[in-house]
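The values are calculated or read from the model by the stated rules, or taken from the named source; none is laboratory data. What you are looking at is a predicted structure, and each value in this text was computed from that prediction instead of being measured. With ideal geometry, Cβ positions are generated from the backbone for all residues, glycine too; neighbour counts draw on all protein chains shown. Areas reflect the complete protein model, heavy atoms only, side chains present, ligands, DNA and RNA absent. Shrake-Rupley method; radii C 1.70, N 1.55, O 1.52, S 1.80 Å.
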Amino acid sequence: MNNLKRIWMYERLDGRGGFYSRFVIRVDEFIQFACSQPNRMSGDKVRCPCAKCQNYKFMDVETVKCHFYQYGFIKNYFIWKHQGERDDTSETSYGNALHGGDQPIFEENPYR
């Protein structure tokens with residue numbers, strides 16, 4: 001996924017404290033995608049990738065939307081892997097997998 005296509009996730013507030021309309025629209029698209037992946041849900045709840053929950057908690061979709069508006073998305077969560085999106089471009093597994101994941105985990109210790 002080209003990160004520029006998901007930059008909207010981190011541009012939620014306009015200069016006057018309101019929400020950008022594209023943020024609101026795309027949050028709805030995110031919710032639709034997450035709900036289309038029943039094997040990644042817990043009943044009718046989806047993982048909440050807001051900055052507070054960080055993909056640890058399953059929440060109902062209205063709560064997830066409210067969390068996006070209040071807290072924004074977790075840092076660097078451009079591939080929605082915990083909602084079922086596949087990352088076909090990366091062969092590196094990342095630490096803090098539930099989080100945005102900034103640090104690679106290496107199969108072997110490179111210092112040995």
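Would you say ASN3 is open to solvent by 40 Å² or more (accessible area, probe 1.4 Å) and of a type in the set (S, T, N, Q)? Judged against the criteria, ASN3 is a match. All of (1) modelled with pLDDT of 95 or more; (2) under 14 Å from the mean Cα position of the chain (by Cα); (3) surrounded by 15 or more Cβ atoms within 10 Å (Cβ to Cβ); (4) not aliphatic (A, V, I, L, M) hold for LYS52 with one exception: (3).
Sort out which residues of the range 6-27 are open to solvent by 40 Å² or more (accessible area, probe 1.4 Å) and more than 13 Å from the chain's Cα centre (by Cα), and write them in order of number.
GLU11, ARG12, LEU13, GLY15, ARG16, GLY17, PHE19, TYR20, SER21, ARG22, VAL24, ILE25 - these are the residues of the range 6-27 that are open to solvent by 40 Å² or more (accessible area, probe 1.4 Å) and more than 13 Å from the chain's Cα centre (by Cα).
For the range 55-65, filtered to residues that are among the hydrophobic types (A, V, I, L, M, F, W, C) and assigned to a helix (DSSP H, G or I), the residue that is surrounded by the most Cβ atoms within 10 Å (Cβ to Cβ) is VAL64. Residue count for the range 9-30, restricted to those that are assigned to a loop (DSSP other than H, G, I, E, B) and without any contact (Cβ under 8 Å) to a residue 24 or more places away in the chain: 7. Here VAL46 clears all of (1) surrounded by 17 or more Cβ atoms within 10 Å (Cβ to Cβ); (2) part of a helix (DSSP H, G or I); (3) of a type in the set (A, V, I, L, M, F, W, C) except the condition numbered (2).
Residues in the range 71-92 that are in a loop (DSSP other than H, G, I, E, B), in contact with a strand residue (DSSP E or B) (Cβ under 8 Å, 6 or more places away or on another chain) and open to solvent by less than 40 Å² (accessible area, probe 1.4 Å) were compared, and the one that is farthest from VAL27 (Cα to Cα) is ILE74. What do you reckon, is ARG6 in contact (Cβ under 8 Å) with a residue 60 or more places away in the chain and within 18 Å of ILE79 (Cα to Cα)? Here the answer is yes, as ARG6 does meet what is asked. PHE68 meets each of the listed conditions (1) part of a helix (DSSP H, G or I); (2) modelled with pLDDT under 95 apart from (2). Evaluation of PHE58 against the conditions (1) closer than 15 Å to MET9 by Cβ; (2) in contact with a strand residue (DSSP E or B) (Cβ under 8 Å, 6 or more places away or on another chain) shows that the sole unmet condition is (1).
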